[in-house]
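Participant: Structure below; questions to follow.
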Amino acid sequence: MIRIPCPHCSARNSAEFRHVGEAAARPDPSTVTPEQWRVYLYERSNPAGWITETWFHTMGCRRFITVERHTVTNEIRSVRPAGSSGPEPAEALSGRADAGSPDAGGQA
Amino acid sequence: MPDTWAPVARSAITVPGPRSVVDGWEVSTRRSSAALRLSDASPLAKVSVRADADGALADAFGVRFRSSRRRDGVLVIGSGPGEWLLVGGVGTAHQIAGQVCGLVAGDFVSVVDVTHGRALMRLTGSDASRALSKVCAVDLSDAVTPEGAAFRSSVAKVTTDVIRDDAGGGAGEPSYLLHCERSSGQYLFKCLLDAGKEFGIEPEGPGLDSTGAR
């Protein structure tokens, strides 16, 4: 199980999310070469280490989020709404222990 | 055919017991005095509203994601970022939608009557949190999920809006509103009955009060 600290909903079980895949910048369709487009569509770096990927919170806020995750340890070091720049403040990563924040860590 | 004919709506949830037609809905009239009760609240009007999460409508409602508030007899629930669910008395969906449209002029707002497309149930009783926590991973303690708190999560693997609404429960006990897609309603209802078995849960009909409370 992976706990994903959703920037909207607080920490939730990864079963609530859909894994979209590695986040890659979409090339400009008006200037891109076929080769660049093929790389964008099909090639993934698949590292054993830190990766920036997109998840979709299907059973929560129904928003896409950008997550930095270590593929070996599953440690998550930053999370932010997709499309926004810069990492989310550290409070999201601490599971948001403040009152009024549902925090789901277990099964279900 | 009789001279007067009116459509009868049916909830997605089947509650055992005698049936009668109330406000155009065929419902079970069964009432329970058990310590833990699960009632079908599907006949209540449900209106889904989507707008800018920080726009004029959010300010007018005074409700953001993860909270809820009663406003003129209508329970306004922040069910998602830029997404609200309004729950009111049976048959008042158009009235509620009209009020929402009156709140904002000029902003782009989507207002949809989802009364017949969703299932709504209410779990009430001192053991409600314990029963619900068997099928939902979110911390339901008073510190984390106080009165008025709302969240969307997996309940028995069904995407469900959960609202802690003790005030609407009436009995001064912990009470949760659970809102899910109509097609999952009966399944979720049965799962909650199963989870509540050890606490002596009993199903009941919607009751005859049409104010959003029991």
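Participant: Which of the residues belonging to region B:156-209 are surrounded by 21 or more Cβ atoms within 10 Å (Cβ to Cβ), touching a Gly at 6+ places or on another chain (Cβ under 9 Å), away from chain A (no Cβ under 14 Å) and of a type outside the set (D, E, K, R)?
Facilitator: B:Gly168, B:Gly169, B:Pro174, B:Ser175, B:Leu177, B:Gly196, B:Ile201, B:Pro203, B:Gly205
Participant: Hey, among the residues in region B:36-53 that are surrounded by 24 or more Cβ atoms within 10 Å (Cβ to Cβ) and charged (D, E, K, R), which one's farthest from B:Glu26 (Cα to Cα)?
Facilitator: Going through the qualifying residues, I end up with B:Arg37.
Participant: Another question, then. How many residues are facing chain A (nearest Cβ under 8 Å) and either at pLDDT below 95 or closer than 17 Å to B:Gly168 by Cβ (or both) if we restrict to region B:144-155?
Facilitator: Filtering region B:144-155 for residues facing chain A (nearest Cβ under 8 Å) gives B:144-146, B:149, B:151-155.
From the residues that got through so far, the ones that are either at pLDDT below 95 or closer than 17 Å to B:Gly168 by Cβ (or both) too are B:144-146, B:149, B:151.
Result for region B:144-155: 5.
Participant: Quick one: how many residues across region B:126-157 are among the hydrophobic types (A, V, I, L, M, F, W, C) and closer than 21 Å to B:Val47 by Cβ? First the steps, then the outcome.
Facilitator: The first filter runs over region B:126-157 and keeps only residues among the hydrophobic types (A, V, I, L, M, F, W, C), leaving B:128, B:131-132, B:135-138, B:140, B:143-144, B:149-151, B:155-156.
Narrowing further to those that are closer than 21 Å to B:Val47 by Cβ: B:149-151.
Here the count works out to 3.
Participant: Hey, does region A:39-58 have a residue that's within 22 Å of B:Glu83 (Cα to Cα), touching a residue at least 24 places away in the same chain (Cβ under 8 Å) and not in a strand (DSSP E or B)?
Facilitator: yes
Participant: Among the residues of region B:114-126, is any more than 29 Å from B:Asp23 (Cβ to Cβ) and away from chain A (no Cβ under 13 Å)?
Facilitator: Filtering region B:114-126 down to residues more than 29 Å from B:Asp23 (Cβ to Cβ) leaves B:126.
Those still in the list that are away from chain A (no Cβ under 13 Å) too: B:126.
Yes, because at least one residue in region B:114-126 is more than 29 Å from B:Asp23 (Cβ to Cβ) and away from chain A (no Cβ under 13 Å).
Participant: Scan (1) closer than 23 Å to B:His94 by Cα; (2) among the hydroxyl-bearing types (Ser, Thr, Tyr); (3) not in a loop (DSSP other than H, G, I, E, B) for the single condition B:Ser42 breaks and write down its number.
Facilitator: Tallying (1) closer than 23 Å to B:His94 by Cα; (2) among the hydroxyl-bearing types (Ser, Thr, Tyr); (3) not in a loop (DSSP other than H, G, I, E, B), B:Ser42 fails exactly one: (3).
Participant: Which of the residues that make up region B:32-62 are under 23 Å from B:Ile201 (Cα atoms) and within 18 Å of the chain's Cα centre (by Cα)?
Facilitator: Quick first cut of region B:32-62, residues under 23 Å from B:Ile201 (Cα atoms) only: B:32-44.
Matches in region B:32-62: B:Leu36, B:Arg37, B:Leu38, B:Ser39, B:Asp40, B:Ala41, B:Ser42, B:Pro43, B:Leu44.
Participant: Take region A:1-60 and flag every residue that is farther than 30 Å from B:Asp161 by Cβ, of a type outside the set (Gly, Ala, Ser) and within 13 Å of the chain's Cα centre (by Cα). Can you show your working first?
Facilitator: Of all residues in region A:1-60, those farther than 30 Å from B:Asp161 by Cβ come to A:22, A:24-52.
Checking which are of a type outside the set (Gly, Ala, Ser) leaves us with A:22, A:26-29, A:31-44, A:46-47, A:50-52.
Of everything in region A:1-60, those that are farther than 30 Å from B:Asp161 by Cβ, of a type outside the set (Gly, Ala, Ser) and within 13 Å of the chain's Cα centre (by Cα) turn out to be A:Glu22, A:Trp50, A:Ile51, A:Thr52.
The values are calculated or read from the model by the stated rules, or taken from the named source; none is laboratory data. What you see is a predicted model; the values in this text were computed from it and never measured. Note: ideal-geometry Cβ built from the backbone for every residue, glycine included; neighbour counts use all protein chains shown.
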